[in-house]
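A quick write-up on the structure given underneath.
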Amino acid sequence: MSGVSWDWSEADLASLQGFLAERGIVRGPITTRRIGDGHSNLTYLVTDGTDTAVVRRPPPPPIPPGANDMLREARIMAALRGTPVPVPEVLATADEGEVIDVPLYVMSFAPGPVVTTATPAPLDTPEQRRAIGDNLIDTLVALHDVDWQAIGLADLGRPEGFNARHVARMRRLIADENGDAPAEFADIDDWLLSNTPAESDATLVHCDFRIGNVVLQPDKPGRIAAVLDWELCTLGDPLLDIGYFLATVPEPGHPPNPTAGLGTAMLEGGYPTRAELSARYAQRSGRDLSNLSWYTTLALWKLAVLYEYSRRRVLDGIGDPYYADPGLVQSFLADARRAAGLVAASTAHR
């Protein structure tokens, strides 16, 4: 759970209740409960005892420019309704100051489990775990097959030159005044710049696709009921999504990085291995994964960059204390070196 300290005041709760009641989402007094395992946007289960919805808002200010755009996230989810990609229904949106001091949106509640450290019954059999893994890949393939122009998301990003631009943009977050990466990032930084491939395709990319960001259907074991957390979604290279997903899958005998630690259930018997997951994606999508190590390295390096950026914000007194530990950054960097083949696997994670 995020270390960000915020909760609904009586005035905010009354404002939210009025907003939801006007739209027929609730009918009586409401209660809220924080849900989710992330350290970014704040998500709340809201109920009047009969009707239930989910409210999502950004963390308290100060918010980095361009981050945590609630209305953009709601727009993406609304556009995906009716496609093969399962998403919650967006029920309402509110601009800054309309309900509270930041924008928010309201979505339908998917009642199934979110799997992180353990798979619940009746999904906790090798067969059902295999089905979950297979359906995660199939959902990712379905996302990458969506006609983003037809659903009105052609302005979401610029897929041409996405890979090089993505690396450059992330580097700027922690580079010094000369544009150089910190010393502990330099070897991976140079490797990524020297090996940047041309884009494999132009598709919607989720950019945070992992087991902890989906809701499973309790009545259809192994099926995905809803994909969550669309705040980073853009147009770009689809192989970034499969590289990132594999980077979040823990490996037996290897200490998980902080993001893989949010999915340690995938170490249980029956879940597909990274190799099996990538093979299924290649088979279902028809895409060439010969450069997959670059995308997996990019994902791990990017997580290290974001954690380092967040760590510096904590030092400035404005961030989530969770990020204060520099060992979190080092964990991602070690895995990135291992993915890139810059060090032997046996020494990558000291």
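Each reported figure results from applying straightforward, stated rules to the coordinates on display, with no laboratory input. The shown structure was predicted, so the numbers you read here are calculated from the model rather than taken from an experiment. Using ideal geometry, Cβ is built from the backbone for each residue, glycine included, and neighbour counts are taken over all protein chains shown.
Rounded to the nearest 500, the helix-only mean residue ellipticity at 222 nm of the chain stands at -11500 deg cm²/dmol, with each DSSP H run of n ≥ 4 adding -39,500 (n - 2.57).
Seen through its C-alpha gyration tensor, with square-root eigenvalues sorted a ≥ b ≥ c, region 10-108 comes out oblate because a/c lies at 1.5 or above while a/b is not bigger than b/c. By the count of other C-beta atoms within 10 Å, a proxy for reagent exposure, 207, 233 are ordered fewest to most as 207, 233. Residues 144, 166, 254, arranged from fewest to most other Cβ atoms within 10 angstrom of their Cβ, appear as 254, 166, 144. About the centre of its Cα atoms, region 10-108 shows a dipole size close to 320 debye [charges on the beta carbon of Lys, Arg (+1) and Asp, Glu (-1) only; nearest 20 debye].
Counting pairs of alpha carbon atoms under 8 Å apart in space and at least six apart in sequence, what relative contact order in percent does the chain give? Write out the running numbers ahead of the final one.
Values: 602 pairs, mean separation 58.5, N = 350.
Across the chain, relative contact order equals 17 percent.
Quick one: grab the alpha carbon gyration tensor of region 280-350, order the square roots of its eigenvalues as a ≥ b ≥ c, and give me rounded if a/c is under 1.5, else prolate or oblate depending on whether a/b is larger than b/c. Here region 280-350 falls in the oblate category. Which Cα, out of 14, 94, 26, lies furthest along the positive dipole direction of the chain (beta carbon charges, K/R +1, D/E -1)? My answer, from the dipole projection, is 26. Separation of region 98-121 and region 184-204, taken as the distance between their Cα centroids, equals 33 angstrom. Taking a Cβ cut-off of under 12 Å around residue 138, the surrounding Lys, Arg, Asp and Glu residues balance to a net charge of +1, with basic ones at +1 and acidic ones at -1. Candidates 257, 294, 121 compared by Cα position along the dipole of the chain: farthest toward the positive end lies 121, with charges placed on Cβ.
Around residue 223, what is the net charge, scoring Lys/Arg as +1 and Asp/Glu as -1 over all other residues with Cβ under 12 Å from its Cβ?
On the way: positive: 220; negative: 134, 138, 219.
Once positives and negatives cancel, what remains is -2.
Taken about its Cα centre, region 206-264 carries a charge dipole of about 220 debye when Lys and Arg each add +1 at the Cβ and Asp and Glu each add -1 at the Cβ. Size of region 137-243: Rg and Dmax of its alpha carbons, in Å, are 16.5, 56.
Label region 231-273 by shape, choosing from rounded, prolate and oblate, from the square roots a ≥ b ≥ c of the eigenvalues of the Cα gyration tensor; if a/c is under 1.5 it is rounded, and otherwise prolate applies when a/b is larger than b/c, oblate when it is not.
On the way: a/c = 2.59, a/b = 2.02, b/c = 1.29.
Prolate is the answer for region 231-273, as a/c is 1.5 or above and a/b outweighs b/c.
Stokes-Einstein, applied to the Kirkwood radius of region 126-340 over Cα pairs at a viscosity of 0.692 mPa s and 37 °C, places its translational diffusion at 182 µm² s⁻¹. Charged side chains reduced to their Cβ positions (Lys and Arg at +1, Asp and Glu at -1) give the chain a dipole of some 560 debye around its Cα centre.
Which loop trypsin sites (Lys or Arg not before Pro) in region 232-315, with loop taken from DSSP, have no more than 14 other Cβ atoms within 10 angstrom of their Cβ? For trypsin sites (Lys or Arg not before Pro) across region 232-315 that sit outside H, G, I, E and B with at most 14 neighbouring Cβ atoms in 10 Å, the list is empty.
Across the options 135, 153, 183, the greatest Cα extent toward the positive end of the charge dipole of the chain (unit charges at beta carbon of Lys, Arg, Asp, Glu) belongs to 135.
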